[in-house]
Each structure stands twice: as C-alpha cells, then as structure tokens.
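Visitor: My structure is below; once you've seen it, I'll send some questions.
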Amino acid sequence: MIRHVVYFSVRSEADRDKVLGGLRLLEANPHALHLEVGENLKLDSLGNDVDFVVYGEFEDEAALEAFKAHPVYQASVAAVRPIRDLRIAADIVARSRP
C-alpha cells in the first residue's frame, strides 16, 4: 500500500476557503482506498507553515497514478494551483502492522 501525503499553504488568507474547497474535490476520486482532507491544527510550535493536508492510501503505484489521471484530480489542481503557495508531497510504502 502507498501512503500519499501532501501539504499545502495559501498565499492569501482570503483564499483559504477556496483552497479547502478545491482540495475537497479529491474526496470524490474513486481510486483511493482512503482519503482525508483537513486543516492543519498547528498544534506544534515549530515550522507551522502548512495550512492543509491531504492524506491518501492507495493499493499500489498504479492506483495512485490512476488517481492523478482522474478528471476530479485535474479539477482540483485547476482550482487550487493558482491560489496556493507551498505544496510538498511525500509517498511511502506502508509497512504492515504486527
């Protein structure tokens, strides 16, 4: 399983709702086993430049690629890219639990 985590910040506080709405479009994408979009609670006092987090779980790399090729993903990118600032993505292979 692949865990896909993406962090976003907004350029302008006035665009927070638009960015969140654009990211929430991803929740309709059928290729994720699990997907969450949320606001960073900023509970850690160090380096809290991230406003939103997208967390997804995918069966394999092919499922993640299908997710990115889906029209819902493209609509999300079109809505968010022009008004977001930071975007950092990380993908890891999930280790099985004992």
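Visitor: Find the helices (runs of 4 or more DSSP H) located wholly in the stretch 6-83 whose residues include 1 or more that are under 18 Å from Ala94 (Cβ atoms), and list them.
Guide: It comes to 61-69.
Visitor: Let me ask you something else. When the residues of the stretch 40-64 are narrowed to those that are without any contact (Cβ under 8 Å) to a residue 12 or more places away in the chain and of a type in the set (D, E, K, R), which ends up farthest from Val6 (Cα to Cα)?
Guide: The extreme case among them is Asp44.
Visitor: Then there's this: Test Arg3 against the criterion of being basic (Lys, Arg), surrounded by 15 or more Cβ atoms within 10 Å (Cβ to Cβ) and out of contact with any Ser or Thr (no Cβ under 7 Å at 6 or more places or on another chain), and give yes or no.
Guide: Judged against the criteria, Arg3 is a match.
Visitor: With (1) in contact with a Leu (Cβ under 6 Å, 6 or more places away or on another chain); (2) of a type outside the set (Asp, Glu); (3) surrounded by fewer than 16 Cβ atoms within 10 Å (Cβ to Cβ) as the list, and Pro82 as the residue in question, which single condition is left unmet?
Guide: (1)
Visitor: Which one is nearest to Gly22 (Cα to Cα) among residues in the stretch 51-76 that are buried (at least 16 other Cβ atoms within 10 Å of the Cβ) and out of contact with any His (no Cβ under 8 Å at 6 or more places or on another chain)?
Guide: Ser76
Values quoted throughout were computed directly from the atomic coordinates according to the rules given, and no laboratory measurement underlies them. All values derive from a computational prediction rather than experimental measurement. FYI the Cβ positions are ideal-geometry reconstructions off the backbone, even for glycines, and counts take in every protein chain you see.
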